[in-house]
Every structure is written in C-alpha cells, then in structure tokens.
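I have placed the structure first, in the form of structure tokens, so that the comments after it can refer back to it.
The values are calculated or read from the model by the stated rules, or taken from the named source; none is laboratory data. Only a predicted model underlies this, so the values are computations on that prediction, with no experimental measurement involved. Methodologically, a virtual Cβ is constructed for each residue, glycine included, from the backbone with ideal geometry; neighbour enumeration extends over all protein chains shown. Accessible surface areas use protein heavy atoms only, side chains included; no ligands, DNA or RNA. Shrake-Rupley method; radii C 1.70, N 1.55, O 1.52, S 1.80 Å.
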Amino acid sequence: MASITILPEQIPVMPLPGALLFPHALLPLYIFEPRYCEMLEHALNYHRMFSVALIKPQHAQWRSPEDFFHIAGVGLIRACVGRGDGTSNLILQGLERVRFTAFEQATPFPIATIDTLESDSVSSVETEALAAKVLELYSKFKGAGRQLPAKVDRYLSDLGDPEMLADLVASTFINDALRRQRVLEELSVNQRLRLVIQYLREESGTAAA
C-alpha cells in the first residue's frame with residue numbers, strides 16, 4: 001500500500017520488551033515511566049507520532065540504541081487521556097515501517113532519524129492464494145473465539161488488501177515477539193504472507209497443508 005502519511009524526519013522512540021507496532025494496527029499503551037511521560041509530551045507538542053521498538057531478547061532493559069531493533073513501526077496518537085498522577089493511557093495507530101538511521105539523542109528517551117520502508121506489494125495470483133490461506137487460518141482463530149474488530153474483519157474477508165491482512169493477523173495472532181519482528185522487517189508482501197502462514201501453523205500446531 002502506498003504511503004499517504006508524511007512522516008517527520010525524526011521521531012521519538014519507545015523501546016519495549018515484547019511489543020511491536022504494525023501499520024494499521026492499534027496499540028493501547030499505559031505511559032507511567034518519567035522518561036516516557038516526557039517522550040509523550042514531546043510527541044504531543046510536535047507531530048503526535050512516536051515509534052515503538054522491540055528490545056532485543058537478551059536485554060531485560062535497554063541502555064543504548066544497540067539494545068533494541070532499528071526496524072520498527074511509527075504510530076499516530078489517536079487518543080490520549082492524562083491522569084492526575086502524571087500517567088496517561090493512549091491509543092497508538094500504526095502508520096509505517098521505518099528504519100532508524102541515526103540518533104539525535106539517546107536519553108532520557110531516544111529520538112531517531114528515520115527512513116520509511118516501502119513494501120514490495122506487486123499483486124499476483126500467488127499473492128491472492130497466500131492471502132486466501134491466511135484467511136483460512138484466521139477463520140480457525142475466529143472459530144475459537146479470537147477475532148479482529150468487526151469492521152476490520154469485514155474488510156479483510158473481501159481480500160481487499162493482502163498487505164494489511166498480513167500485518168494485522170501477524171500483529172494480533174502471532175505470539176512470539178521475534179517472529180513478529182521478522183514479519184515486520186520483511187518488505188516482500190508475498191514472503192510476509194508466507195511467514196504469517198508458517199508461524200500461525202507452528203504456533204497453533206496446525207499441520208502443513
């Protein structure tokens with residue numbers, strides 16, 4: 001899908017353990033650490049955007065930019081409710097994949113210079129077949145009571161956008177954070193769909209078909 005959002009050249013970054021942000025996905029966050037409260041204030045004062053980056057699994061906490069992955073998702077703050085104790089609840093909507101190319105600052109929170117990563121989304125008969133397989137696996141999750149929001153579910157059921165399908169299903173149903181990171185980093189939509197199929201099968205115990 002072509003980019004329709006113009007991103008700033010630099011963006012604040014929130015490194016988190018186990019959390020990633022995919023394009024189109026919604027990520028609820030509770031902001032309570034002082035450095036991230038400062039980051040949120042910075043984001044709200046500028047573009048209402050920040051990036052969520054996955055902390056590498058060998059690190060319990062991050063201390064420098066080397067401790068988290070440099071391909072991540074940038075999101076727009078869709079809703080933010082501040083509380084009297086200085087904490088905030090917010091909803092971040094994923095916009096784009098980006099690569100961090102440099103850091104203007106590393107503390108108290110990172111600010112990264114970014115390059116937008118465009119997907120290779122050439123559609124083909126193979127793309128449609130892979131998307132149909134993802135939908136087939138997703139239907140099994142729905143049968144087990146796990147479902148995307150109704151509006152999204154209706155849209156994806158029409159095979160309207162294989163890229164969005166891969167990202168939202170990966171974001172919602174792939175449990176392993178490193179696998180989600182691998183899907184996030186993959187720019188070929190066909191290969192991304194293949195990874196989603198592989199990981200959904202492995203994590204659900206579904207035999208290859």
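Under the membrane-span-like helix rule (DSSP H runs whose alpha carbons stretch at least 18 Å along the helix axis, mean Kyte-Doolittle hydropathy -0.5 or higher), the chain yields 125-143.
Judged by the ratio a/c of the largest to the smallest principal axis of the C-alpha gyration tensor, region 63-106 counts as oblate, that ratio being 1.5 or greater while a/b is no larger than b/c. Counted over the chain, the DSSP beta bridges are approximately 85% antiparallel. Put the Cα centre of region 10-32 next to the Cα centre of region 36-73 and the gap is 7 Å.
Tell me the net charge near E33. Cut-off is 13 Å between Cβ atoms, E33 excluded, with +1 for each Lys or Arg and -1 for each Asp or Glu. Result for the neighbourhood of E33: -2. For region 1-70, the relative contact order comes to 41 percent (Cα pairs under 8 Å, sequence separation of at least 6).
At a 1.4 Å probe, what is the % contribution of carbon and sulfur to the accessible area of the chain?
Answer for the chain is 52 percent, counting heavy atoms of protein chains only.
Report the charge-dipole magnitude of region 7-73 in Debye, nearest 20, computed about the Cα centre from +1 at each Lys and Arg Cβ and -1 at each Asp and Glu Cβ.
Numbers: 4 positive and 6 negative charges, 25 e Å.
Its charge dipole is roughly 120 debye.
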